[in-house]
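Here the structure comes first, spelled out in C-alpha cells, and everything after it is commentary.
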Amino acid sequence: MKIVAVTACPTGIAHTYMAAARLEKIAKNLGHDIKVETQGAMGIENKLTESDIRQAQIAIFAIDIEIEGRERFNGVKVIQVPLQEALKNPEGIFVKIQH
Amino acid sequence: MKGTSSHFGPRSQSPSQLIIHELQEYLRKTRIRRVHFSDGSTAPPPLAYVTNFPRLSIPLTGCDRMQIARSGRTDAIRPVRGHAVFVPDHAWNKPEWSEPVEVMTFLFGVKQIGISLVQHKGGSHIQPLAVKAHVHSGYDVPTHSVLAALMVLATDHASGALARLLTQSLLYACLRLLKSPRKQAPRKAIRTYESICLYVQENFHRPITRESIAGYFGLAPNHVSRLFRKEGFMRFNDYLNLVRINRAKFMLQNYNMSLKEIAAGCCYSDAAYFCRVFKKVCKVTPTEYRATHIAHAPEEPSKTSAMNVTSVQ
C-alpha cells in the first residue's frame, strides 16, 4: 500500500522525528511504501509532493498541533492520531488502516 | 554594587519563592533603561548559547559582559542592572562570565517558561550557583502577547521607549504568572521531564551527560532514564542527539561553517562521529543536507531573528 504521513508536535525537536522514524520502520516491516513529512522546528522537511499525495491510498497524521497545508490532502482518506500513538503503539495505527 | 552572596546563602525559601522575591524587588527598584537585541546574523562562536525559543536576561548585580550578533556584526556589550538582553529564537549570545555577576534569565519555551537566577563569581573554572523556577501552566494571554510584540521589535532592532516598556511589561507578566495559583499543574514527573528538556535545549553545546543532568537536578541517573522512557518514550541520549542534530541542521542551512565547526558547536568532539550520528538520524549526510536545504548565499547574513520558525525552504 502507498501511504503518506505527516508528523508534528509543539516543540518539534524530538517527537516529530522519532514518530516519523517509527512509522517508516513499521511500514517497511509490513511491506508498505511510506513517505513521511516532518513539520518540526526546522520547518517542513521531506515535503510531500502533489504526486506523492495523489498516489497515496491513505494519509496518516500523527500530530499534536495543527499542520501546515492540510488542504493538500483533500480527497485523500486521512487517519489522524495523537503523536504519542505513533511512539507508543505505531503497530496499532497500521492495524486501523487495514480495516 | 550590593553584596552578591546573600541570595544563595542558607535559606528557607523555595527556589520559586526566591525568584519571585528577587524579581519583585527588581521591579520595585529598577526601570529598564536599555534593551540589547541580539540576532543570528553572524555564525555563533564556539560555546555561544543558541536556542529555538526566545530568551531574556537581566543582570541584577555586576556586569554581564557578552558577545552578541547585531546586523551582521559581532558586538561586545556590557549590560548592567537596568539593562536587558533579548535573544530571539535561533539568535545567539555568548556570556563571558569573566567578572562577578548575578543574572536572571527567562527561557520562553514552547510549553513552559523557565527562569533561572545564576551567580557567577568570575573566572571560568568555578561552577556557577543557580536556582531555577518554572511556569508549567504555559502562557497566559498577556505574557504571550507582550512576548510576541517584543519579538516583532527585535526583528527591526528597535531600541526606543517601546522596547524598554515592553521588556518591563514582560517581566511583570512573568511575575504575575509565577505568583498565580497553579491551575491543574501537571504531574511532578512531567514537570521534571519538561524542565530537563528545556535545560538540554539551552545547554546542548556543552558537554552534558545523563550523569551531569542528574547531578544538576538532584536526581539519580537511572531516574533520568526512567523519566525519558516513561514521559518521553525515548532514551535520554536519543533526545540529546536530536536536539544537537536539530541545531546542526539550522547551522548547515544558515551559516557557512565547516562541518568541524558545526560538530564542535553541537558538542561533538569528532566531526566523523557527528557525521555518523547525523546520517543515522536524517538518512543523509550533513553535506547532502546542506546542498538541498541551503537557505542563503554564504555572504548574506541569515534572517533568523523572525518569530516565525517555519521552513526556510
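All of the numbers you see were taken from the coordinates with simple rules; none came from a lab. Source: prediction; values computed, not measured. As a convention, Cβ positions derive from the backbone with ideal geometry for all residues, glycine included, and neighbour counts pool all protein chains shown.
Other residues within the sphere of radius under 10 Å centred on the Cβ of residue B:52, judged by their own Cβ, net out at 0 (K and R +1, D and E -1). Among the listed pairs B:188/B:280; A:28/B:188; A:77/B:279; A:28/B:279; A:47/A:77; B:132/B:230, a Cα-Cα separation exceeding 27 Å is found for B:188/B:280; A:28/B:188; A:77/B:279.
Could you tally the net charge around residue B:289, taking each other residue with its Cβ under 10 Å from the Cβ of residue B:289, Lys/Arg +1 and Asp/Glu -1? It works out to a net charge of +2. Here the label points at residue B:98 and residue B:17, each 7 Å from Cα along the C-beta direction, are separated by 4.0 nm in the simple model. The tail of the calculated P(r) for the protein assembly as shown, taken as Cα-Cα distances beyond 39 Å, holds 20 percent of the pairs. Computed from point charges on the beta carbon alone (+1 for Lys and Arg, -1 for Asp and Glu), the dipole magnitude for segment B:83-189 about its Cα centre is near 640 Debye. The label point for residue B:148 and the one for residue B:234, both projected 7 Å from the Cα toward the Cβ, are 2.8 nm apart.
Helix screen, chain B: DSSP H segments with Cα axial length of 20 Å or more and mean Kyte-Doolittle hydropathy at least -1.0 are B:15-29, B:141-155, B:161-179, B:188-203, B:236-254. The sum of -39500 (n - 2.57) across all DSSP H runs of n ≥ 4, divided by the residue count of chain B, sets its helix-only mean residue ellipticity at 222 nm to -13500 deg cm²/dmol.
When DSSP beta bridges are restricted to pairs lying wholly in segment A:2-98, around 15% turn out antiparallel. Near residue B:163: Cβ cut-off under 15 Å, other residues only, Lys/Arg at +1 and Asp/Glu at -1. The net charge is +3.
Think of segment A:2-98 as a dipole: +1 on every Lys or Arg Cβ, -1 on every Asp or Glu Cβ, centred on the Cα centre; then among A:67, A:94, A:14, A:94 lies furthest on the positive end. Summary value for chain B: 18 percent relative contact order, contacts being C-alpha pairs under 8 angstrom separated by 6+ residues.
If I take all pairs of Cα atoms in segment B:103-157, what percentage of them are more than 13 Å from each other? So the portion of pairs separated by more than 13 Å is 68 percent. In terms of packing, defined here as the mean over residues of other Cβ atoms within 10 angstrom, the peptides A:83-91, B:80-88 line up highest first as B:80-88, A:83-91. Put the Cα centre of segment B:167-233 next to the Cα centre of segment A:36-87 and the gap is 30 Å.
Across peptide B:245-253, the average count of Cβ atoms from other chains found within 10 Å of a residue's Cβ is 3.
The value of relative contact order for chain A, using C-alpha pairs under 8 Å at least six residues apart, is 33 percent. Extending 7 Å from Cα along the Cβ direction at residue B:222 and again at residue B:74 yields two label points whose distance is 4.5 nm. Annotation: the antiparallel percentage among DSSP beta bridges lying fully within the protein assembly as shown is about 65. For chain A, a Gaussian network of Cα nodes joined below 10 Å ranks A:22, A:54, A:70 by mean-square fluctuation, and the top entry is A:70. Only DSSP H runs of four or more residues enter the estimate; each adds -39500 (n - 2.57), and after division by the residues of chain A the mean residue ellipticity at 222 nm equals -10500 deg cm²/dmol. Evaluated over the Cα positions of chain B, the convex hull gives a direction-averaged projected area, one quarter of its surface, of 16.1 nm².
Taking 0.36 nm per residue of separation and subtracting the current Cα-Cα distance, fully stretching the chain between residue B:187 and residue B:291 would add 33.1 nm.
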